[in-house]
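What follows is one structure encoded as structure tokens, with my remarks underneath.
The values are calculated or read from the model by the stated rules, or taken from the named source; none is laboratory data. The structure presented is a predicted model; accordingly, all values stated were derived computationally and were not measured. When we count neighbours, we look across all protein chains shown, and the Cβ atoms used for this are built from the backbone with ideal geometry, even at glycine.
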Amino acid sequence: MYQVLLLTVYRIIFFATPLIIIPITSELFEFNKIVFIYIATVFAVVFWVLRMASERRIIFRRTIFDIPLLLFLAGQALSTLVSIDPRSSVFGYYSRFNGGLLSSISYSLLYWVFVSNIKSPKIISLFKYTVISGLLVSIYGILEHFGIDKDLWVQDVQTRVFSTLGQPNWLAAWLVAITPISWYLAFFQKQGRGNKNIIWLGVSAIFIVTLIFTKSRSGFIAFVVCDFAFGAGLFYIFSKQAKTLKNNALKKFIYTNLTILAAIALVGSPWTPSISDLVSKRTTTATLDQYSPALEVGGTESGTIRKIVWRGALDIFKHYPILGSGVETFGLSYYNFRPQEHNLVSEWDFIYNKAHNEYLNYLATTGALGTSFYLLLIFVYLYFSGKNIISIDKEPDTGKKILLLSLFCGYSSLLITNFFGFSVVVTSLLLFLIPAMSIVAISSPDKDLDIKRNTGLQKTDFIQKFIQISTLTAGGFLILTICKYWMADSEYNKGLSSMTIGSYSQARGYFVKSIDLVSKEPTYWVKLSQSTADIALTLPSSENQDTARKISEEAVNESLEAQRLSPNNVNVLRSLTATYINLSSINPDYIQKAKDAILQSIKLAPNDPKFYYNLGLIYIQTQQQDEGIKTLEKSIELKSNYKEPRLALGLIYANLGENAKAEEQFKYVLEHIDPKEPTAIQKLSELQK
């Protein structure tokens with residue numbers, strides 16, 4: 001019974017995870033997917049333990065990946081212990097979620113439960129659930145291209161689709177990884193014949209069309225490598241087979257590539273026109289760069305930004321060489337090592353919470369130790385798969401080898417897309433479960449290998465019942481805790497929505513509920529502080545001065561609590577500074593505290609020109625004019641095309657009667673930054689009269 005339940009759990013995981021999207025949380029895609037994985041992991045482990053209790057034996061299949069997995073988890077745990085932000089290391093960076101210690105533990109447990117309980121004949125059914133899920137995701141992605149939900153998103157989803165995965169590159173990475181599975185189902189599964197072949201081949205064509213609509217460079221590169229590797233693998237596997245089998249395999253590979261060409265001909269590609277374009281004699285084709293915005297949205301070319309971010313990641317590694325800055329803390333540590341050149345790109349003030357290279361991200365956040373263990377996991381899988389695919393003379397069953405080949409190609413494609421990006425829930429799931437499927441695929445379906453049997457459970461029913469009750473109790477508690485975690489974010493999202501329409505009291509109530517559910521999340525405290533400050537600022541100062549002061553103090557204390565929970569978080573300090581500045585109209589003493597907060601922020605983010613700009617304004621406001629000018633000049637030194645400090649300097653110089661210096665700043669703004677800037681135009685005109 002428990003094996004059936006476990007198989008059902010994995011079928012649901014493979015089918016449902018990519019499809020999950022819930023619009024009532026602060027992040028629609030990754031947050032809900034990772035929560036689902038946590039819940040699924042609890043169910044899987046509970047059913048596994050119950051099976052062992054029921055059968056009165058320890059069921060654990062030893063595999064080649066056990067030691068690498070344990071080393072990987074040990075590296076993650078050690079990095080978490082020394083992390084600059086332990087909460088981010090445990091749960092993942094808030095808004096990304098995937099990649100924290102908890103997620104790594106979950107994926108590892110799912111691996112061990114899988115290899116210990118799922119038998120090889122069931123692999124094909126899991127393939128089918130995965131591919132059918134991919135079909136549904138792709139159909140929605142194609143409909144996105146034709147505008148089904150174009151009004152729901154800020155992004156131009158018609159130009160670059162992301163379906164239910166939330167970002168075009170993530171969708172492309174996942175689709176490329178599962179496409180070889182569709183090829184296996186089309187041509188090489190034993191029960192696949194006739195019309196079934198055409199159906200699975202048609203599904204792979206839909207995957208390719210969707211991939212084209214993502215316009216993902218990393219996805220295209222990975223797909224080309226994947227297709228080449230699949231063909232080379234087939235050639236090798238059938239190289240010593242009978243001529244008929246060779247020709248049959250060659251035909252199947254040709255059919256696969258004809259399907260790819262047909263899909264490209266149907267919808268075109270960034271380099272080639274579609275058939276309809278040729279018929280209508282439209283010759284306009286776009287370069288891929290036009291559809292590859294800077295990491296997330298348009299602006300400076302993404303390759304340029306990646307090089308800068310990668311250099312910052314290496315600088316983090318140099319500072320934390322052994323264990324890194326802490327699992328999933330790149331979004332915090334990058335501020336301290338961000339190259340000055342980053343200030344000149346169009347996305348200079350975006351939050352970069354990943355290195356946009358999985359390997360450099362591990363290097364920066366988990367150091368040489370954690371990265372070595374992560375790479376060991378990869379190399380062990382590549383060795384295992386390569387060894388079993390190549391051993392053609394020792395194993396006559398080519399079907400298993402082709403199954404392994406399809407998994408190997410999908411896994412390899414993830415290594416490529418991760419080089420240009422980072423893992424998300426659906427791709428991390430494959431990185432851990434493709435090895436599990438590969439292990440099970442080559443094992444005998446008739447017996448449990450490496451399973452220990454003689455246990456004390458056979459002596460008494462009491463121990464058996466105790467384990468069952470304890471397991472169900474612990475599982476129920478974990479599910480309840482995970483649900484509270486999800487509900488807290490849901491309340492948090494309600495608060496965000498209320499703030500956007502100016503309902504600050506209502507928003508504060510929602511944030512309080514979030515904190516009641518999860519009290520240690522600094523993100524909730526930041527927003528609670530902001531809503532409290534907004535309430536204080538909306539009170540008529542003449543009638544409610546004492547009340548406003550009390551509420552403002554409460555807002556400050558809430559912001560300080562966020563800082564206490566996450567002392568190395570630049571964004572928390574930024575919010576604290578904003579709270580002080582905004583509330584200084586109620587309590588002028590807060591200006592000095594705002595200055596102290598900015599000085600603390602500069603220690604964590606020495607190359608951030610915004611902090612120097614705001615500090616300069618505070619100096620000017622507190623009659624420290626020389627310091628203010630010097631600080632504004634530092635802001636401009638860090639970012640030469642920063643309009644605001646140049647305008648501020650121009651106004652200061654004009655007030656001091658230093659017209660030449662004022663004109664210099666206003667002219668720079670008009671000539672190099674914004675030729676239509678109204679303040680610069682007006683002041684320059686006044687100075688030149």
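General observations
Residues are listed down the side, and each one gets a yes or a no for (1) out of contact with any strand residue (DSSP E or B) (no Cβ under 9 Å at 6 or more places or on another chain); (2) of a type outside the set (A, V, I, L, M); (3) without any contact (Cβ under 8 Å) to a residue 60 or more places away in the chain:
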| site | (1), (2), (3) |
| --- | --- |
| GLU553 | yes, yes, yes |
| GLU561 | yes, yes, yes |
| ASN571 | yes, yes, no |
| ILE581 | yes, no, yes |
| TYR590 | yes, yes, yes |
| LYS595 | yes, yes, yes |
| ASN607 | yes, yes, no |
| LYS610 | yes, yes, no |
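- Matching option when the condition is buried (at least 24 other Cβ atoms within 10 Å of the Cβ) and within 27 Å of the chain's Cα centre (by Cα), among SER497, SER519, SER514: SER514
- The set of residues in segment 633-647 that are basic (Lys, Arg) and part of a loop (DSSP other than H, G, I, E, B) contains only LYS639.
- The single residue among LEU615, LEU576 that is outside the structural domain of ASP534 (by TED's automatic domain parsing) and either part of a helix (DSSP H, G or I) or polar (S, T, N, Q) (or both) turns out to be LEU615.
- Check on SER116, of a type in the set (Ser, Thr, Tyr) and buried (at least 24 other Cβ atoms within 10 Å of the Cβ): no
- Total residues in segment 336-378, condition among the small types (Gly, Ala, Ser), part of a loop (DSSP other than H, G, I, E, B) and buried (at least 18 other Cβ atoms within 10 Å of the Cβ): 1
Table: residues versus (1) at pLDDT 95 or above; (2) closer than 30 Å to VAL82 by Cβ; (3) in contact with a Leu (Cβ under 6 Å, 6 or more places away or on another chain).
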{"residue": "ALA536", "(1), (2), (3)": "no, no, no"}
{"residue": "SER541", "(1), (2), (3)": "no, no, no"}
{"residue": "ASN544", "(1), (2), (3)": "no, no, no"}
{"residue": "VAL556", "(1), (2), (3)": "yes, no, no"}
{"residue": "LEU560", "(1), (2), (3)": "yes, yes, no"}
{"residue": "VAL572", "(1), (2), (3)": "yes, yes, no"}
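- Single match in ILE198, ILE139, ILE148 (criterion: modelled with pLDDT under 90 and surrounded by fewer than 19 Cβ atoms within 10 Å (Cβ to Cβ)): ILE198
- Residue list for segment 33-69, filter: outside any helix (DSSP H, G or I) and hydrophobic (A, V, I, L, M, F, W, C): ILE58, ILE59, PHE60, ILE64, PHE65
- For segment 70-115, a residue qualifies if it is among the aromatic types (Phe, Trp, Tyr) and either over 19 Å from the mean Cα position of the chain (by Cα) or not in a helix (DSSP H, G or I) (or both), and the qualifying residues are PHE72, TYR93, TYR94, PHE97, TYR111, TRP112, PHE114.
- Residue within segment 264-273 that is more than 31 Å from the chain's Cα centre (by Cα), over 21 Å from LYS400 (Cα atoms), among the small types (Gly, Ala, Ser) and modelled with pLDDT under 80 present: yes
- In segment 454-464, the qualifying residues are those that are β-branched (Val, Ile, Thr) and at pLDDT below 70, and the one that is farthest from LEU414 (Cα to Cα) is THR460.
- Test result for PHE223, of a type in the set (A, V, I, L, M, F, W, C), under 26 Å from the mean Cα position of the chain (by Cα), within 22 Å of SER413 (Cα to Cα) and at pLDDT 80 or above: yes
- Positions within segment 635-652 being closer than 14 Å to LEU617 by Cα and hydroxyl-bearing (Ser, Thr, Tyr), in sequence order: SER635
- Selected residue (only one of ILE442, ILE467, ILE451 is of a type in the set (A, V, I, L, M), surrounded by 12 or more Cβ atoms within 10 Å (Cβ to Cβ), at pLDDT below 95 and over 20 Å from PHE47 (Cα atoms)): ILE442
- The residues in segment 118-137 that are in a helix (DSSP H, G or I) and either over 27 Å from GLY92 (Cβ atoms) or outside the structural domain of PHE47 (by TED's automatic domain parsing) (or both) can be counted, and the count is 11.
- Filter pass, GLY326 being at pLDDT 95 or above, crowded, with 24+ Cβ neighbours inside 10 Å, touching a Phe, Trp or Tyr at 6+ places or on another chain (Cβ under 9 Å) and not polar (S, T, N, Q): yes
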